[in-house]
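Comments concern the structure below.
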Amino acid sequence: MLPACDLRKDGSKKDMNGYETVIGLEVHVELATASKMFCGCRTTFGAEPNTQVCPVCLGMPGVLPVPNRRAVELALRAALACESVITQRCRFARKNYFYPDLPKNYQISQYEEPIARGGRVLTGEAPVRLTRIHLEEDAGKLVHPTESAATSLVDFNRAGIPLLEIVTEPDIRSPEEAEQFLVSLKQMLEYLEVSDCVMEQGSLRCDANISVKAEGSDRLGTKVEVKNLNSFRAVRRALAFEQQRQQRLVREGNAVRQETRLWDEEAQATVPMRTKEQAHDYRYFPEPDLVPVEVSADWLNRVRQTVGELPVRRRERFEKEFGLSAYDAGLITATRATADYFEECVQRCPHPKAVANWITGELAALLKEQDRTVSDCPVSPASLAELVCLAVSGQVTGTVAKEVLRESFLTGKPPGAIVREKNLGRIDDEKALREAVCRAMEAHPQAVNDFLSGKKESLGFLIGQVMRLTGGKANPALVRRLLSEALENNPRSRVQ
């Protein structure tokens, strides 16, 4: 359970038990490059262990790293989107520490001269300020064959993959706000195509720094770092647990120890990992094998042209330009692919609300059923636009339109062709529909009696039967009128 909180007059949150929570995040993002940060090894996820390695990423003596230009450009793109100040001359540094999954015994990172400083990320709550954005290389991965085994294996395929670290200011005040920040950041990075952000594969990971202090106090509490959180739920639950743990310690008069902790998913608790290091413990110094990266104005301008419209702004535009509700605009802009698909549709079909309903309704259901995404949807934007126009204009009924969409999805045929081939156009012939109405009434005399006895909902049942007899092609409005006339002219109706 999360502690209850309310809003103060200045808009910040406080816990009802008199404590304030202060959270800052360090987000590690694997960049969408084909090769590693300082060598030509591939970055394909899931390859056989230790098959995507070379002397450079294995830290062999005498090798020289070469920066990945694409990684630098993706970092610049993210920094520009965050409105950060770009460092025109940034330098790599060596971060010295020993882990078994880091073959060099140091990590090439950035310290005093990161690629960008400052900036912000817009969230559902309020903008979260950034401290810095910097480039570094990832470490390898420890593999534990069994829980009881006394040995561990090391896979160095991940060692050297380009990482972007995004560090926030301590602006976040609750586990929920931390989760919302990560949701917004992930969406932005996916829009920018900076990373695939697949958290299950480690493409987006988070370390969280959290402390608690007395409500209204200017003195910050002792912070604790929670490492390697790889899901939104883990972030929210780990911070909620740590929030309560620290409050309990302070309330009981005990000190909070500055340390690094891990989230134990099974126990739903954080557990100690090690005493927290300070920056001087890493013995940073400039990387002697790499020259500084010079970011020219021309290079930066070229990168700026690739940023495009960010999801928050696109959502606002869709509400204003197309009249979508905030909810629908949020669904449509959830991914760049869906937003692009929508815009291509409305260029051909001037009914944006109807298009949005079809994308978020029937099309989304088919994609989920077939385990596909909008990016590989077999129904092109032109085809969906054609179908929506057919439905809105009344040339096909809603029932038929759904059937046509499914067939178009499964066969790739354009909706118009399917309608023509199967003669699925709407039936407006009164004579044919009068015959269907009579058949429906004769087949369901009880429904007729129920309607004449005052159960008006029976009319809907009879309309459904006429639609079934006509294969869903009958004009619903015309069917309703003809049925109403037939029931009014029923002898029993005249007697009553």
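The values are calculated or read from the model by the stated rules, or taken from the named source; none is laboratory data. Computed from a predicted structure; not experimentally measured. Ideal geometry is used to build each Cβ from the backbone, glycine not excepted, and the neighbour counts take in all protein chains shown.
Going by the structure shown, is Ser148 over 30 Å from Val53 (Cβ atoms) and either at pLDDT below 90 or surrounded by 15 or more Cβ atoms within 10 Å (Cβ to Cβ) (or both)?
no
Out of the strands (runs of 3 or more DSSP E) lying entirely within the range 48-158, which hold 2 or more residues that are of a type in the set (Ser, Thr, Tyr), farther than 27 Å from Arg314 by Cβ and not assigned by TED's automatic domain parsing to the domain that holds Ala334?
Result: 106-109.
Examine the range 281-295 for a residue that is closer than 17 Å to His28 by Cβ and surrounded by 12 or more Cβ atoms within 10 Å (Cβ to Cβ), and state whether such a residue exists.
yes
Could you list, in sequence order, all residues of the range 268-320 that are in contact with a Leu (Cβ under 7 Å, 6 or more places away or on another chain) and part of a strand (DSSP E or B)?
Within the range 268-320, Thr270, Val271, Met273 qualify.
Anything in the range 399-410 that is surrounded by fewer than 23 Cβ atoms within 10 Å (Cβ to Cβ) and in contact (Cβ under 8 Å) with a residue 12 or more places away in the chain? List them, or say none.
Thr399, Ala401, Lys402, Glu403, Arg406, Phe409, Leu410
Residue under question is Arg219, and the condition is that it be touching a residue at least 40 places away in the same chain (Cβ under 8 Å), at negative phi and assigned to a loop (DSSP other than H, G, I, E, B); does it hold?
no
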